[in-house]
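Please treat every number below as a calculation from the coordinates, not as lab data. Since the model is a prediction, treat every value here as computed from it, not as a measurement. Using ideal geometry, Cβ is built from the backbone for each residue, glycine included, and neighbour counts are taken over all protein chains shown.
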């Protein structure tokens, strides 16, 4: 299995962790101060429960968002989110091309919160995996994946990764390997056809 992290999730996690860390530090300081002064009164339990919830959210952004990636397997690629993943057969892939997010999302179409997250990658080169059709399992993808992972002009997935060229080459190599396993005589037939064409071209 080959894994490429999705940089959009990396950006989301980094921004949220920073804010939540500050908030947790403040809440812990107030909670400890309350042990001596009881400034929270009857609300001390709610304060600590809230702190626990924020701690769980921090864990999500600190640990689970790091799982988000594009994973390559022999027969399919997997769009892995923080919690769930979706498998896509190589046969469903129509084309793999370089591109960038600005081809699908302009700043005017992004909300302020979204723009702050993806602005770094709007003009960065990404890999666009164009699909012949969307898998039925993606019906509820908006519940699990942010919308800026999916193309708007064409069906597909926008993959901002550390090395877009390597990812593109690896997907194409995996697709070729799959075709070779399914139809081992395909390459022979192609060579035979090419041979006939060359023979006709050379026949004066």
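Taking the C-alpha atoms only, the angle from helix 7-37 to the longest principal axis of the chain is near 10 degrees.
How much of the calculated P(r) for segment 57-125 lies past 17 Å, in percent of all Cα pairs? Walk me through the numbers on the way to the answer.
On the way: 1461 of 2346 pairs.
Counting every Cα pair in segment 57-125, those more than 17 Å apart make up 62 percent.
Over the chain, Cα pairs under 8 Å with separation of 6+ residues give a relative contact order of 21 percent. Nearest 0.05, what FRET efficiency do residue 60 and residue 95 give at R0 = 45 Å with Cβ-Cβ as r? Efficiency computed from Cβ-Cβ geometry: 0.85. Relative to the longest principal axis of the Cα atoms of the chain, helix 186-201 runs at roughly 40 degrees.
Between 118, 28, 161, the GNM of the chain built on Cα springs shorter than 10 angstrom shows 28 fluctuating the most. For the chain, the longest principal axis of the C-alpha atoms and the axis of helix 44-62 are separated by about 20°.
Once C-alpha pairs closer than 8 Å and six or more residues apart are averaged by separation and normalised to the residue number of segment 1-79, the relative contact order reads 55 percent. Estimated from helices alone, the mean residue ellipticity of the chain at 222 nm is -15500 deg cm²/dmol (sum of -39500 (n - 2.57) over DSSP H runs with n ≥ 4, per residue). Projected onto planes of every orientation and averaged, the convex hull of the alpha-carbon atoms in the chain covers 16.4 nm².
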